[in-house]
1. Cβ-Cβ under 6 Å, sequence separation 6+ or interchain: first residue in the range 106-127 and without any contact (Cβ under 8 Å) to a residue 24 or more places away in the chain, partner surrounded by 18 or more Cβ atoms within 10 Å (Cβ to Cβ) and assigned to a loop (DSSP other than H, G, I, E, B). Which pairs?
2. What are the residue pairs meeting all of these: first residue in the range 9-31, first residue farther than 17 Å from Gly42 by Cα, second residue assigned to a loop (DSSP other than H, G, I, E, B) and of a type in the set (Phe, Trp, Tyr), Cβ atoms under 6 Å, and 6 or more apart or on different chains?
3. Anything in the range 83-105 that is surrounded by 22 or more Cβ atoms within 10 Å (Cβ to Cβ) and either in a strand (DSSP E or B) or touching a residue at least 60 places away in the same chain (Cβ under 8 Å) (or both)? List them, or say none.
4. For the range 1-20, name all the residues that are within 15 Å of the chain's Cα centre (by Cα), surrounded by fewer than 16 Cβ atoms within 10 Å (Cβ to Cβ) and assigned to a loop (DSSP other than H, G, I, E, B).
5. Can Ala80 be described as closer than 26 Å to Ala12 by Cβ and assigned to a helix (DSSP H, G or I)?
6. Hey, can you tell me all the residues within the range 62-77 that are part of a helix (DSSP H, G or I) and in contact (Cβ under 8 Å) with a residue 12 or more places away in the chain?
7. Looking at this structure, is Ala45 of a type in the set (Gly, Ala, Ser), touching an Asp or Glu at 6+ places or on another chain (Cβ under 9 Å) and either farther than 27 Å from Pro118 by Cα or surrounded by fewer than 20 Cβ atoms within 10 Å (Cβ to Cβ) (or both)?
8. Checking Ala63 against (1) closer than 16 Å to Cys137 by Cα; (2) among the small types (Gly, Ala, Ser); (3) under 12 Å from the mean Cα position of the chain (by Cα), only one condition comes out false. Which one?
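Values quoted throughout were computed directly from the atomic coordinates according to the rules given, and no laboratory measurement underlies them. The structure presented is a predicted model; accordingly, all values stated were derived computationally and were not measured. Because the Cβ atoms are built from the backbone with ideal geometry, glycine has one as well, and the counts that use them run over all protein chains shown.
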Amino acid sequence: MDLRVAVPADRASIAALLAQTGLPVDDLDDPAIAFVVGEAQGLIAGVVGVQDCGDAGLLRSLAVRADLRGGGHGTVLLRAAETLARARGRSPLVLLTQTAEAFFARHGYRVIPRGEAPASVRASAEFRALCPASATCMAKDV
């Protein structure tokens, strides 16, 4: 899988992949979100986003095509997101998940109470409305 920064022409493919995996797509055009895509065989195989939230970052939209899961692509994308967050001076990196707590825990993320996320992260659309209150909140200093 080859990584690159997403360009506007990727939006439809990113939205389709996120919709297939049940992740939010309502605010993909927010300029505070930077996406990295992974390509395989000329197609977008995976995506991850980092949303700037003050000094913190919000990990967004980590998804890998169903036919490519289990091959380490999610880990590659997560590392790219962490590198991007560091380059942008965003730490901690916070996320919400309903299905991947074990995956993120293996990569050093810890569960935190939602109310302990930085106020700038809690003000994001994902925290306020797009992701259900039942989602697990996790964070990692990057």
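1. none
2. Once the first residue is farther than 17 Å from Gly42 by Cα and sits in the range 9-31, no partner that is assigned to a loop (DSSP other than H, G, I, E, B) and of a type in the set (Phe, Trp, Tyr) comes close enough.
3. Leu93, Val94, Leu95, Leu96 - these are the residues of the range 83-105 that are surrounded by 22 or more Cβ atoms within 10 Å (Cβ to Cβ) and either in a strand (DSSP E or B) or touching a residue at least 60 places away in the same chain (Cβ under 8 Å) (or both).
4. Hits for the range 1-20: nothing passes.
5. On the way: closer than 26 Å to Ala12 by Cβ: yes; assigned to a helix (DSSP H, G or I): yes.
In short, yes.
6. Filtering the range 62-77 down to residues part of a helix (DSSP H, G or I) leaves 66-68, 73-77.
Those that are part of a helix (DSSP H, G or I) and in contact (Cβ under 8 Å) with a residue 12 or more places away in the chain: Ala66, Leu68, His73, Gly74, Thr75, Val76, Leu77.
7. Numbers: of a type in the set (Gly, Ala, Ser): yes; touching an Asp or Glu at 6+ places or on another chain (Cβ under 9 Å): yes; either farther than 27 Å from Pro118 by Cα or surrounded by fewer than 20 Cβ atoms within 10 Å (Cβ to Cβ) (or both): yes.
Answer is yes for this residue.
8. (1)
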